[in-house]
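The values are calculated or read from the model by the stated rules, or taken from the named source; none is laboratory data. Please read all numbers here as calculations on a predicted model, not as lab measurements. When we count neighbours, we look across all protein chains shown, and the Cβ atoms used for this are built from the backbone with ideal geometry, even at glycine.
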Amino acid sequence: MSAGLRPPPLPHPSVLTQPFWDATAREELLLQRCEACGAYVFYPRHNCTACGARALEWVKAGGTGTVFTYTVARRPTHPGFADRVPYVIAVVELDEGPRMTTNLVDCSPEDVSIGMRVEVVFGPLEDGLRLPYFRPAA
Ligand SMILES: [Zn+2]
């Protein structure tokens with residue numbers, strides 16, 4: 001088997017992250033929000049990163065943000081991504097505040113810039129899972 005035929009890695013939902021993956025399967029982006037101080041938290045955790053409270057609730061995010069930083073992968077970062085190069089790996093700062101590592105889609109690497117407005121889209125994976133990606137905002 002050539003390296004290019006290896007499947008891409010898949011998420012492994014846990015008890016903690018299952019609500020996030022259930023939502024992406026419905027094409028919804030969820031974040032945790034602290035019931036004590038109101039801070040938004042991502043990635044999923046047991047405690048608020050701002051105040052330490054364990055009172056985190058799941059809320060629907062707006063799905064929009066800005067490109068905080070990015071890089072262009074011209075060699076695959078995993079053998080399962082060999083057919084995707086070049087692709088953009090970005091950190092998107094959501095309008096709620098948390099930053100999410102993702103891929104930018106529906107735009108060429110040359111058109112990406114820091115600060116550009118982006119919106120979430122959902123790409124299908126195996127097992128009914130969907131991954132959140134971002135594209136230039138309409
Ligand atoms: Zn808090």
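Observations
- Going through (1) among the β-branched types (Val, Ile, Thr); (2) modelled with pLDDT under 95; (3) within 11 Å of the ligand (Cβ to nearest atom) one by one, residue 49 falls short only on (2).
- Condition met for residue 86 (surrounded by 15 or more Cβ atoms within 10 Å (Cβ to Cβ) and more than 16 Å from the ligand (Cβ to nearest atom)): no
- Qualifying residue in the range 61-75 (condition: in contact with a Leu (Cβ under 6 Å, 6 or more places away or on another chain) and part of a loop (DSSP other than H, G, I, E, B)): yes
- Scanning the range 18-44 for residues that are in a loop (DSSP other than H, G, I, E, B) and within 11 Å of the ligand (Cβ to nearest atom) yields 35, 36, 37, 38, 39.
- Across the range 52-67, the qualifying residues are those that are more than 9 Å from the ligand (Cβ to nearest atom) and of a type in the set (A, V, I, L, M, F, W, C), and the one among them that is farthest from residue 130 (Cα to Cα) is 67.
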